[in-house]
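Have a look at the structure below before the remarks.
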Amino acid sequence: MLAKPATSSAGVALLRLRCPRCHQGPLFTHSALSLTKFDEMPESCPVCGQHYEPETGFYWGAMYISYGLAVGVVVVAGFLTYFLGHDPSTWVYVTVVAGCMVLLTPLMFRYARALMLYLFGGIHYDPAAAARRSAAD
Ligand SMILES: [Zn+2]
């Protein structure tokens, strides 16, 4: 397998949902648009072999991050509706916020898990990890 150039910035790798160790391997197996499989992660990084679940039940904590992201979406959608719609009636707020929540659920789920892994996974960037793994194979 040809290795792509490593992304050295953890922020860019996080936004691209890449492995926190090599910044190359994808954290998820399917597209966020796949409604039935958007949540599936490989057991380990296909590039460097980093295990994606540091301990059993590790991603339970991602629910709290996801809750925070959801609150942010509700606040931003509510303010945008207020300012762009010139304070419309309540049903417009409910429809816009609910629509945003449904549409953004796959992204919030993925970024909550990625943030959990980057912040609490104890994994450090190692640009040579992929090279060591391909040499071992
Ligand atoms: Zn990796």
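Structure values in brief
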read-out: In segment 7-25, residue nearest to M41 (Cα to Cα) [restricted to those that are within 12 Å of the ligand (Cβ to nearest atom) and among the basic types (K, R)]; value: R18
read-out: The listed residue being under 16 Å from the mean Cα position of the chain (by Cα), surrounded by 16 or more Cβ atoms within 10 Å (Cβ to Cβ) and small (G, A, S), out of G49, G68, G25, G61; value: G25
read-out: Members of segment 29-54 found to be within 13 Å of the ligand (Cβ to nearest atom) and assigned to a loop (DSSP other than H, G, I, E, B), listed by number; value: M41, P42, E43, C45, P46, V47, C48, G49, Q50, Y52
read-out: Tally of residues being under 17 Å from A32 (Cα atoms), β-branched (V, I, T) and surrounded by fewer than 16 Cβ atoms within 10 Å (Cβ to Cβ) across segment 90-113; value: 1
read-out: Entirely in segment 55-137, the helices (runs of 4 or more DSSP H) that have 2 or more residues that are small (G, A, S) and in contact with a Cys (Cβ under 8 Å, 6 or more places away or on another chain); value: 129-136
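Bear in mind these aren't lab numbers, they're just calculated from the coordinates by the rules spelled out. It should be emphasised that the depicted structure is a prediction, and the values quoted were computed from it without experimental measurement. Reconstructed Cβ throughout: ideal geometry from the backbone, glycine too, with neighbour counts over all protein chains shown.
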